[in-house]
Amino acid sequence: MDLVVSSVSFHHWSNAPAAVRELRRVTRPTGRIWIYDARIAPWRRLADAVGGTVPRTSAGLLFTRAEMPHPAGVR
């Protein structure tokens, strides 16, 4: 995929590390991943899943696949 969009669904993800792995799996190396959700979404859960921080903006998160952090402990 060239672009994977998660629109207002992130707050429903029960297993964020598995979701991050799947996002990376289906995205081409040059593709982009866009995660958009409400301001009150549990963004800390996503940061924990990738073992770091995630930069939040009003447009959500937009990564290239290479920029999307790997889930903690997974390559």
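Structure notes:
- Potential lengthening between Thr30 and Asp48 on full extension [0.36 nm per residue; Cα-Cα distance subtracted]: 4.0 nm
- Here the 3J(HN,Hα) profile of the range 20-29, calculated from phi with Karplus coefficients 6.51, -1.76 and 1.60 at θ = phi - 60°, is 5, 4, 5, 4, 5, 4, 8, 9, 4, x Hz, Gly and Pro shown as x.
- Amide H to amide H, with H built 1.01 Å from N, Ser6 comes under 5 Å of Trp34, Ile35, Tyr36, counting only residues 5 or more places away or on other chains.
- Shown are Asp2, Asp37, whose ranking by accessible area with a 1.4 Å probe and every protein chain present, most to least, is Asp2, Asp37.
- List Trp13, Trp34, ordered by accessible area with a 1.4 Å probe, largest first: Trp34, Trp13
The values are calculated or read from the model by the stated rules, or taken from the named source; none is laboratory data. Quantities reported herein were computed from a predicted structural model and do not represent experimental measurements. Surface accessibility is based on the protein's heavy atoms, side chains included, excluding ligands, DNA and RNA. Shrake-Rupley method; radii C 1.70, N 1.55, O 1.52, S 1.80 Å.
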